[in-house]
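**Q** Mind having a look at this structure? Questions to follow.
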Amino acid sequence: MSNSSANSSANSSAKAAKGSGALSARGERARAGLKDAALVVLEKQGYHKMRIADVTGEAGVAQGLFYHYFKDLKSLTLEVLTDFATASGDRAEIERNVPKGDWYARIYAHNLVVVRGYARRPGVMRCLLQLADEDEAFSGMLRDNYRNQLMWLVDLMPKLFPEVRFKKHQALMVVYSLAGVGEGLMREYFINESKTLRAADLSVEQFAELLTTMFYRALFLQHPDEAQLKYTRNLAAMVKAH
């Protein structure tokens, strides 16, 4: 599945709204208000428990107004979650303040965006996974989006490590394996709220630092510059004695 397929499904509700003309400024605000309300309800109640009345109640509008802008609840959900999932994909913006050549800062900038998403909207992140299990196009969009988040590094791997002479798809598998560890940890910590993990009581910045340090160590086989670290500075001593 492609991003265009999922985005087509997500945007179909706009075409299905009553009337074929463009929305007025007031109509655009009302539609955006329903989307904002849906995001709040998804966070609080989840995808399977959300009702149209919950959305319109949160938005402070009459229930009948919903169908003026959206075909049904799923079309609204698809659009809202697609917007949420793709909102932070601008690599240039993410790396805007990263010094050139600073690989630790570069990886940290990307991890910080992802960790903030999990920390601020764990309920919405759970909904992403639930909807992906039920909608093939949406699942494909998420996979494409995740791949695009990693491909910048995959494409640079042969230049970073020219002596490796990566086999076909090997760089891709290496980056996916490293990133997958962090994804699993974030799901357990933020979505499943593992009591064992939550006892660590990490800030968003500490969590992003931990992911970045472990990713950096695995990728470059060395510890990051300790001057850049706080929570993980002591892990420099975590080496096997020969």
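**Q** Give the residue list of trypsin sites (Lys or Arg not before Pro) in the stretch 175-242 that are DSSP loop and have at most 14 other beta-carbon atoms within 10 angstrom.
**A** Details: sites: 187, 195, 198, 217, 230, 233, 240; in loops: 230, 240.
Answer by residue number: 230, 240.
**Q** On to the next question. Please list, in order along the stretch 145-157, the HN-Hα scalar couplings obtained from phi with the Karplus expression 6.51 cos²θ - 1.76 cosθ + 1.60 (θ = phi - 60°), rounded to whole Hz, x for Gly and Pro.
**A** Going residue by residue, I get 5, 5, 4, 4, 5, 9, 5, 4, 6, 4, 5, 8, 4 Hz, with x marking Gly and Pro.
**Q** Now for a different question. For helix 204-220, what angle does its Cα long axis make with the longest principal axis of the chain, in degrees from 0 to 90 and rounded to 10?
**A** Once rounded, the angle reads 50 degrees.
**Q** Once you have the Cα-Cα distance between residue 87 and residue 129, take 0.36 nm times their residue separation minus that, and quote the gain in nm to one decimal.
**A** On the way: separation 42, 0.36 × 42 = 15.12 nm, distance 1.67 nm.
Separation in residues times 0.36 nm, less the Cα-Cα distance, equals 13.4 nm.
**Q** Mind running the shape call on the stretch 130-183? Use the C-alpha gyration tensor, a ≥ b ≥ c as the square roots of the eigenvalues: rounded below 1.5 for a/c, prolate if a/b tops b/c, oblate otherwise.
**A** In terms of gyration-tensor shape, prolate.
**Q** Another question, then. Quick check for me: using +1 on Lys/Arg Cβ and -1 on Asp/Glu Cβ, what's the dipole size of the chain about its Cα centre, in debye to the nearest 20?
**A** Dipole of the chain, to the nearest 20 debye: 120 debye.
**Q** Running a GNM on the chain with Cα contacts under 10 Å, which residue among 232, 196, 82 ends up with the highest mean-square fluctuation?
**A** 196
**Q** Still on this structure, please answer the following. Hey, what did the stretch 15-151 get for relative contact order, percent, Cα under 8 Å, at least 6 apart?
**A** About 27 percent, as a whole number.
**Q** How many percent of Cα pairs in the chain exceed 21 Å?
**A** Of all Cα-Cα pairs in the chain, 64 percent lie more than 21 Å apart.
**Q** Same structure, new question: For the chain, what does the relative contact order come out to in percent, with C-alpha contacts under 8 Å and a separation of six or more?
**A** On the way: 210 pairs, mean separation 54.4, N = 242.
With pairs under 8 Å counted, the relative contact order is 22 percent.
**Q** Continuing with this model, one more query. When the helix-only estimate is applied to the chain (DSSP H runs of n ≥ 4, each -39,500 (n - 2.57), divided by the residue count), what is the mean residue ellipticity at 222 nm, nearest 500 deg cm²/dmol?
**A** -21000 deg cm²/dmol
**Q** So what J values fall out for the stretch 117-130 if you push phi through Karplus, 6.51 cos²θ - 1.76 cosθ + 1.60 with θ = phi - 60°, rounded to Hz, Gly and Pro as x?
**A** My calculation for the stretch 117-130 gives x, 5, 5, 7, 9, x, x, 5, 4, 5, 4, 4, 5, 5 Hz in order.
**Q** Please determine, in degrees from 0 to 90 and to the nearest 10, the orientation of helix 3-16 with respect to the longest principal axis defined by the Cα atoms of the chain, where the helix direction is its Cα long axis.
**A** For 3-16 against the chain, the angle is about 20 degrees.
**Q** Count the lysine pairs in the chain whose Cα atoms lie under 24 Å apart, taking only pairs 8 or more positions apart in sequence or on different chains.
**A** Lysine pairs meeting both conditions in the chain amount to 21.
**Q** What length, rounded to one decimal in nm, is gained on full extension from residue 192 through to residue 159, with 0.36 nm per residue of separation minus their alpha-carbon distance?
**A** 8.1 nm
**Q** Assuming 0.36 nm per residue, please report the length gained on full extension of the stretch residue 136 to residue 36 beyond their Cα-Cα distance. List each step's numbers first, then the result.
**A** Details: separation 100, 0.36 × 100 = 36.00 nm, distance 2.44 nm.
Result for the pair: 33.6 nm of gain on full extension.
**Q** Please report the spacing between the Cα centers of the stretch 173-188 and the stretch 80-117 in Å, no decimals.
**A** Using only Cα atoms, the two centres lie 16 Å from each other.
**Q** Whole-Hz Karplus ³J(HN,Hα) for the stretch 77-83, in order, using 6.51 cos²θ - 1.76 cosθ + 1.60 and θ = phi - 60°, x for Gly and Pro?
**A** With the stated coefficients, the stretch 77-83 comes to 4, 4, 5, 5, 6, 5, 4 Hz.
**Q** Restrict the search to the stretch 115-211; then list the GluC sites (Glu not before Pro) that DSSP places in a loop and that have at most 16 other Cβ atoms within 10 Å of their Cβ.
**A** 193
None of the figures in this text is laboratory data; all of them are computed from the coordinates on show. If you're wondering where the values come from, they're calculated on a predicted model, not measured in any experiment. Counting neighbours? That spans all protein chains shown, and the Cβs are built from the backbone with ideal geometry, glycine included.
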